[in-house]
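Asks: Have a look at this one.
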Amino acid sequence: MKSLREIFRIGKGPSSSHTMGPQKAAQTYLKAHPDATRFHVTLYGSLAATGKGHMTDVAIKEVLEPVGPVEIEWKPSVFLPFHPNGMRINDWVVYSVGGGALSEGDHPTGLLPASPDVYGLHYLADIKGWCEDNGCAYWEYVDRCEKSDIWDYLREVWTAMQESVERGINHEGRLPGPLNLQRKASTYFVKAKGYKPNLQTRALVYAYALAVSEENASGGTIVTAPTCGSCGVMPGVLYHLATGHNFSEEKILHAIATAGLIGDIVKENASISGADVGCQGEVGVACAMASAAACQLFGGSPSQIEYAAEMGLEHHLGMTCDPVCGLVQIPCIERNAFAATRALDCNLYAAFSDGKHRVSFDRVVEVMKQTGHDLPSLYKETGEGGLAKIGV
């Protein structure tokens with residue numbers, strides 16, 4: 001498995017696979033072909049189907065147009081074999097596989113820099129076994145495998161998460177796009193302060209998750225956790241726990257490391273791409289990550305943390321990716337808020353248990369991958385099925 005740096009990427013929304021990935025592909029091509037003067041870009045499958053709503057063309061042209069004219073061809077009905085988010089820049093075929101990551105599929109040319117494997121264990125059962133045998137926590141496994149500067153990077157991640165919450169709380173007005181959707185985070189935050197503590201907790205988590213998701217939808221700077229479309233879940237949970245329970249920065253960083261390990265396992269063994277497996281791979285995985293982080297903070301054992309993550313993913317199985325108008329707004333923003341509160345429920349449920357349960361996290365990841373591949377393409381970020389059919 002790769003470094004947690006590839007799960008947590010700091011960048012601009014609204015989509016890691018449709019905005020960040022294609023822009024990175026354009027930068028990579030330009031670096032490899034500095035003498036290029038014209039660019040013909042073909043977008044395929046899900047990347048083409050909802051690319052305009054995700055500003056895919058804008059992200060690509062931002063990089064290439066200063067060098068030469070850019071022609072973009074949209075082929076939403078053509079799916080390349082390796083991944084639904086395929087694209088071609090002149091003669092180079094590349095795939096945006098989720099979370100801002102790129103792949104050349106089964107035909108590597110060497111244009112993409114090699115990314116070394118950092119973790120020797122790829123399944124949570126094996127990592128949990130290592131932790132139990134060595135009397136360690138999951139974050140200590142991260143510490144053992146990563147370079148020492150990972151903690152400096154995770155500190156940057158946490159800072160970016162906090163800033164995205166605080167910006168979102170203070171921003172008002174409408175989000176860009178034809179839906180004319182009004183921001184809600186600021187209002188939810190103000191209203192939450194008027195409730196008694198038992199209701200205030202839930203309302204504040206809503207506000208924090210909405211804040212980050214709305215920042216993402218407006219093209220603001222966020223952290224993929226594991227994607228742009230699910231970027232509000234972890235910050236919503238962690239910001240609430242940091243401010244409401246006074247957890248230290250060190251403990252928050254340990255929780256982020258644990259969450260990153262969960263996301264890394266899913267990315268390695270299944271997918272975090274909505275175009276590949278539906279929203280279960282984005283919001284579902286984000287919920288699993290936040291569930292594990294919360295359980296880590298409250299002193300959960302490796303088994304309880306695994307159980308919390310398992311529930312976070314299991315109860316999102318089958319969730320479709322059906323954005324209205326191809327925008328990361330409806331139903332994406334609300335899903336982030338609900339997944340954040342569900343993560344807190346998963347932590348509480350796991351904390352009441354001894355950590356023993358019938359279905360393992362690794363098994364749920366396997367089922368999630370199969371479920372996602374069984375879903376028809378119209379429910380996987382093509383804007384053709386489900387809620388996307390309602391239009392504006």
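Asks: Need pairs with beta-carbon distance below 7 Å; first residue among the aromatic types (Phe, Trp, Tyr) and within the range 208-223, second open to solvent by 10 Å² or more (accessible area, probe 1.4 Å) and at pLDDT 95 or above; sequence gap 6+ or separate chains.
Replies: Pairs found: Tyr208/Tyr239; Tyr208/His240.
Asks: While we're on this one: Anything in the range 1-48 that is touching a helix residue (DSSP H, G or I) at 6+ places or on another chain (Cβ under 6 Å) and of a type in the set (Phe, Trp, Tyr)? List them, or say none.
Replies: Passing the criteria: Phe8, Phe39.
For every residue, the table says whether it meets (1) at pLDDT 95 or above; (2) open to solvent by 10 Å² or more (accessible area, probe 1.4 Å); (3) assigned to a helix (DSSP H, G or I).
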site	(1), (2), (3)
Gly260	yes, no, yes
Ser271	yes, no, no
Cys325	no, yes, yes
Glu334	yes, yes, yes
Thr341	yes, no, yes
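Asks: Quickly run through the range 73-94 and pick out the residues that are farther than 13 Å from Ala25 by Cβ and open to solvent by less than 40 Å² (accessible area, probe 1.4 Å).
Replies: Within the range 73-94, Leu80, Pro84 qualify.
Asks: Scan the range 359-390 for residues that are surrounded by 17 or more Cβ atoms within 10 Å (Cβ to Cβ) and not in a helix (DSSP H, G or I) and report the count.
Replies: Residues in the range 359-390 being surrounded by 17 or more Cβ atoms within 10 Å (Cβ to Cβ) and not in a helix (DSSP H, G or I): 6 in total.
Asks: Further question: Might you check whether a residue that is out of contact with any Asp or Glu (no Cβ under 7 Å at 6 or more places or on another chain), open to solvent by 50 Å² or more (accessible area, probe 1.4 Å) and small (Gly, Ala, Ser) occurs anywhere in the range 130-145?
Replies: Checked the range 130-145: at least one residue is out of contact with any Asp or Glu (no Cβ under 7 Å at 6 or more places or on another chain), open to solvent by 50 Å² or more (accessible area, probe 1.4 Å) and small (Gly, Ala, Ser).
Asks: Taking the condition of being under 17 Å from Tyr153 (Cα atoms) and crowded, with 19+ Cβ neighbours inside 10 Å, how many residues in the range 240-252 meet it?
Replies: 1
Asks: Separate question: Condition first: buried (at least 18 other Cβ atoms within 10 Å of the Cβ), closer than 19 Å to Ser16 by Cα and not hydroxyl-bearing (Ser, Thr, Tyr). Can you find one or more residues in the range 102-117 that meet it?
Replies: Checked against the condition, which is being buried (at least 18 other Cβ atoms within 10 Å of the Cβ), closer than 19 Å to Ser16 by Cα and not hydroxyl-bearing (Ser, Thr, Tyr), the range 102-117 yields at least one hit.
Asks: When you go through Lys184, Lys193, Lys267 one by one, which is the residue that is open to solvent by 40 Å² or more (accessible area, probe 1.4 Å), touching a residue at least 24 places away in the same chain (Cβ under 8 Å) and farther than 24 Å from Ala48 by Cβ?
Replies: Lys184
Asks: If Ser186 satisfies every condition in (1) closer than 20 Å to Cys231 by Cβ; (2) among the polar types (S, T, N, Q); (3) out of contact with any Asp or Glu (no Cβ under 9 Å at 6 or more places or on another chain) but one, which is the exception?
Replies: It is condition (3) that Ser186 fails.
Asks: If you check Gly284 against the conditions, is it closer than 28 Å to Gly13 by Cα and in contact with a Ser or Thr (Cβ under 6 Å, 6 or more places away or on another chain)?
Replies: So Gly284 does not fit the description; no.
The values are calculated or read from the model by the stated rules, or taken from the named source; none is laboratory data. Model, not experiment: these values are computed from the prediction. A quick note on method: Cβ atoms are made from the backbone with ideal geometry, for glycine too, and the neighbour counts reach across all protein chains shown. The protein model used for the area step is the full one, side chains on, heavy atoms only, and it has no ligands, DNA or RNA in it. Shrake-Rupley method; radii C 1.70, N 1.55, O 1.52, S 1.80 Å.
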